[in-house]
Amino acid sequence: MLIHIGFGNIVNTTKIIAIVSPESAPVKRLVQSAKEKGMAIDATQGRKTKSVLVMENSQVVLSALLPETIAGRVQTGQGDTEQAAENDGNED
């Protein structure tokens with residue numbers, strides 16, 4: 001199943017291992033390492049990174065949506081809907 005992670009970006013939920021906050025030092029190191037290896041996908045559209053999706057192929061996806069928002073979409077099965085698109089950018 002695919003879910004909307006903000007700004008028209010969509011990921012496959014079956015490939016997600018974890019959705020974490022980017023604030024801790026270990027996650028910052030993980031993101032930096034992924035960027036150096038070319039394994040980071042920035043889906044923030046220039047906004048502040050609020051969540052990091054760790055994928056099963058060692059890639060990390062950066063999103064401007066909160067981890068709770070993405071997790072809620074995964075749990076409810078909310079895909080790429082108009083409502084998801086309307087909610088983009090409404091979080092501060």
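The values are calculated or read from the model by the stated rules, or taken from the named source; none is laboratory data. All values derive from a computational prediction rather than experimental measurement. We place every Cβ from the backbone using ideal geometry, glycine too, and count neighbours over all the protein chains shown. The accessibility values were calculated without ligands, DNA or RNA, using every heavy atom of the protein model including side chains. Shrake-Rupley method; radii C 1.70, N 1.55, O 1.52, S 1.80 Å.
Below are the figures for this structure:
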read-out	value
Hits in the range 29-54 (condition: open to solvent by less than 20 Å² (accessible area, probe 1.4 Å) and either in contact with a His (Cβ under 8 Å, 6 or more places away or on another chain) or under 24 Å from M1 (Cα atoms) (or both))	A43, T44, S51, V52, L53
Matching residues, the range 59-87, being polar (S, T, N, Q), at pLDDT 95 or above and in a loop (DSSP other than H, G, I, E, B)	Q59
Given (1) open to solvent by less than 30 Å² (accessible area, probe 1.4 Å); (2) at pLDDT below 95, number of the condition I3 does not satisfy	(2)
First in the range 8-31 and within 14 Å of P67 (Cα to Cα) and of a type in the set (G, A, S), second anywhere and modelled with pLDDT of 95 or more and outside any loop (DSSP other than H, G, I, E, B), Cβ under 6 Å, 6 or more apart	A18/V54; S21/P67
Counted residues, the range 13-25 - those being open to solvent by less than 80 Å² (accessible area, probe 1.4 Å) and either part of a helix (DSSP H, G or I) or of a type in the set (F, W, Y) (or both)	2
